[in-house]
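Only the coordinates and a few stated rules stand behind these numbers; no lab work does. As the structure is a prediction and not an experimental result, all values here were calculated from the model. Positions of Cβ are generated from backbone atoms using ideal geometry, with glycine treated the same way; all protein chains shown enter the neighbour counts.
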Amino acid sequence: MVNRFTSVSTALTVKVVGIICILSFFVDFLILLLPFQPTDRVWQINLATALVDRGIVPLVGLGLLFTGYWIENADAGSDRPQGIDLRFPAVILSSILGLMFLLIFPLHLNNVNQAKTQTLNRITQEADQAEAQLNTRLSQLQAQLNTEQGKAQLDQLRTQTKAQFSEILKDDQKYKQALESSQIPPNIKELLKKAKTDPQALDKAIEQQTDIQTLRTQQLSQVRQRREEAEQQAKDTAWKSGLRIGISSLLLSIGYIIIGWTGLKGMGAVQGGKPRATTR
């Protein structure tokens, strides 16, 4: 009697937990649909990602539900009245979910690929605009430096910069503090080290840093480097998302389809299947 009560209680508990898992997935599904924007590619990608991430929950729920019925059927001597049999709706639901996750696989890959293309185009446009603005700004600066006043200001700037470095190089204590300071950029520290042994290196560095063509080359290089990094990050994000969500959705679809097909075949709902007689 105790064993029979335990099996009945266990079967009921397992089925209830399974049903809750399935219902919780559909509650999440309805919430994820809001706001409903089916034409927005980003919305589609986020929805597919969220569904696949939660896709294991109803799979576990179906497993628990069928486990509950298996425990219930194993108790052949039970004379307890049977409730609503949810196995047939469960296998139908499993088949539908299998089809849904199977469709998510190619749709998500296509959306991710198109989103990547749009992102790369945007990065290219922003980089081109940055280069154009940089060239315009440096051209204006070059025009100013071509005037007598501009040349005088440039010479004054070079003289002041050299005086500041020379003051540090002449004082060993200041030189040591500058090398140990975390506020001074590494390239300035490297210049101080070179200038300490080769005074002409300081003049060359100051001249290069105040030369418009050198500035243009350096800043264009930085813009292009940031562009390459942004493009690489966009590509990495796209293929990681496509690979993770694509494979996961495919695996989930296989699992759901197997459960649905096996269940329908066992109940005789598909051709070649024979309905099982429940022994009581």
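Could you work out the per residue convex hull volume over the alpha carbons of the stretch 128-228, in cubic angstrom? Intermediate results must be reported in sequence, preceding the final value.
Working: hull volume 11.4 nm³, N = 101.
Roughly 112 Å³ of hull volume per residue.
Go ahead and estimate [θ] at 222 nm for the chain from helices alone: -39,500 (n - 2.57) per DSSP H run with n ≥ 4, summed, over the residue count, rounded to 500.
Calculated at 222 nm, the ellipticity per residue is -29500 deg cm²/dmol.
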Item to check | Cα-projected label distance for GLN222 with VAL27, points at 7 Å along beta-carbon direction, nm | outcome: 5.2 nm
Item to check | For the stretch 7-23, Karplus couplings with θ = phi - 60° (6.51, -1.76, 1.60), whole Hz, Gly/Pro x | outcome: 5, 5, 5, 5, 4, 5, 4, 5, 5, 5, 4, x, 5, 5, 4, 5, 5
Checklist entry - Roughly what would the spin-label model give for LYS170 and GLN156, points 7 Å off Cα along C-beta, in nm? => result 2.2 nm
Item to check | Straight-distance crosslink candidates among lysines, where the alpha carbon sits under 30 Å from LYS189 and sequence neighbours closer than 8 are dropped | outcome: LYS151, LYS162, LYS170, LYS174, LYS176, LYS204
Checklist entry - What FRET efficiency do you get for LEU12 and THR117 if R0 is 51 Å and r is their Cβ-Cβ distance, rounded to the nearest 0.05? => result 0.45
Item to check | Backbone HN-Hα couplings from phi across the stretch 89-103 [Karplus 6.51/-1.76/1.60, Hz, Gly and Pro as x] | outcome: x, 5, 6, 5, 4, 4, 5, 5, 5, x, 5, 4, 5, 5, 6
Checklist entry - When the chain is treated as a GNM, springs tying every alpha-carbon pair under 10 Å, which of ALA152, ALA50, ALA132 comes out with the largest mean-square fluctuation? => result ALA152
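Length gain on complete extension for the stretch GLU231 to ASP128, per 0.36 nm per residue less the alpha carbon to alpha carbon distance? Let's see the in-between values first.
Details: separation 103, 0.36 × 103 = 37.08 nm, distance 1.36 nm.
Full-extension gain reported as 35.7 nm.
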Checklist entry - So what's the convex hull volume per residue for the Cα atoms of the stretch 1-69, in Å³? => result 60 Å³
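Among 92-103, 6-17, how do they line up from the highest to the lowest mean number of other beta-carbon atoms within 10 Å?
Working: 92-103: 18.2, 6-17: 15.7.
Sorting 92-103, 6-17 by mean packing, highest first, produces 92-103, 6-17.
Quick check: convex hull over the Cα atoms of the chain, volume per residue in Å³, rounded to an integer?
With only Cα atoms used, the chain gives 224 Å³ per residue.
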Checklist entry - How large is ³J(HN,Hα) for each residue in the stretch 161-174, as worked out from phi by the Karplus curve 6.51 cos²θ - 1.76 cosθ + 1.60 (θ = phi - 60°), to whole Hz, x for Gly and Pro? => result 5, 5, 5, 5, 5, 5, 4, 5, 5, 6, 9, 4, 5, 5
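Please work out whether the stretch 30-126 counts as rounded, prolate or oblate from its C-alpha gyration tensor, where a ≥ b ≥ c are the square roots of the eigenvalues and a/c under 1.5 means rounded, while otherwise a/b larger than b/c means prolate and anything else oblate? Intermediate results must be reported in sequence, preceding the final value.
Working: a/c = 4.39, a/b = 3.67, b/c = 1.20.
Prolate shape, in that a/c is at least 1.5 and a/b is the bigger ratio.
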Checklist entry - Do you know the relative contact order of the stretch 128-228, to the nearest whole percent, from alpha carbon pairs under 8 angstrom that are 6+ apart? => result 34 percent
Checklist outcome for this item: With 0.36 nm assigned to each residue of separation and the Cα-Cα distance removed, LYS265 to THR197 gains 15.9 nm
